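Presented below is the structure to which this report refers.
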Amino acid sequence: MSKTVHTDTAPAAIGPYSQAVVTGNLVFTSGQIPIDPATGNVEVDGIEAQTEQVMRNLGEVLKAAGSGFDKAVKTTCFLAHIADFAAFNAVYGKYFTSRPARSCVAVRDLPKGVLVEVEVIAEV
């Protein structure tokens, strides 16, 4: 049986979905964008600052699910500009030190005009 995850320390879902779902020994997070959970707004500019906020949000969701960055097995990353790949990687690498499997693609648009979105599958 699966259970939904919710924490007030990460942004609330802005649509009909949950922050994450735990099923079996895995947690599947929804994509996190750089929304500040305190304000509900995007408060930072630039790929590095936005990636840091995404990682803080993911960390809170993973923690609420009983997991963490070290238990990640797969990430999917979306960038607004592939030219931001190296700068994104520099921040991403500080958090995902266990080097999970990953897909990273550039997309045409992201919600709220942000530069980055990341989702994670991790063990619990």
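Pairs are defined by a Cβ separation below 9 Å, a sequence spacing of at least 6 or placement on different chains, a first member in the range 46-73 that is within 18 Å of residue 3 (Cβ to Cβ), and a second member that is of a type in the set (Phe, Trp, Tyr) and in a helix (DSSP H, G or I); the pairs so defined are 62/69. Within the range 91-118, residues that are within 14 Å of residue 50 (Cα to Cα) sit with their Cβ atoms under 8 Å from residues that are among the small types (Gly, Ala, Ser) and surrounded by fewer than 16 Cβ atoms within 10 Å (Cβ to Cβ), at 6+ positions apart or across chains, in these pairs: 115/46.
Residues in the range 11-42 that are over 13 Å from the mean Cα position of the chain (by Cα), closer than 16 Å to residue 64 by Cβ and outside any loop (DSSP other than H, G, I, E, B): 21, 22, 23, 26.
When the range 21-71 is filtered for residues that are small (Gly, Ala, Ser), over 24 Å from residue 109 (Cα atoms) and surrounded by fewer than 16 Cβ atoms within 10 Å (Cβ to Cβ), the ones remaining, listed by number, are 24, 38, 66.
Taken across the range 2-17, residues that are modelled with pLDDT of 95 or more, surrounded by 13 or more Cβ atoms within 10 Å (Cβ to Cβ), more than 13 Å from residue 122 (Cα to Cα) and of a type in the set (Asp, Glu) do not occur at all. Taking the range 45-100 as the range and being aliphatic (A, V, I, L, M) and in a strand (DSSP E or B) as the test, the residues that pass are 72, 73, 79.
The values are calculated or read from the model by the stated rules, or taken from the named source; none is laboratory data. As the structure is a computational prediction, the values presented were derived from the model and not from experiment. Heads up, the Cβs are rebuilt from the backbone with ideal geometry, glycines too, and the neighbour counts pull from every protein chain shown.
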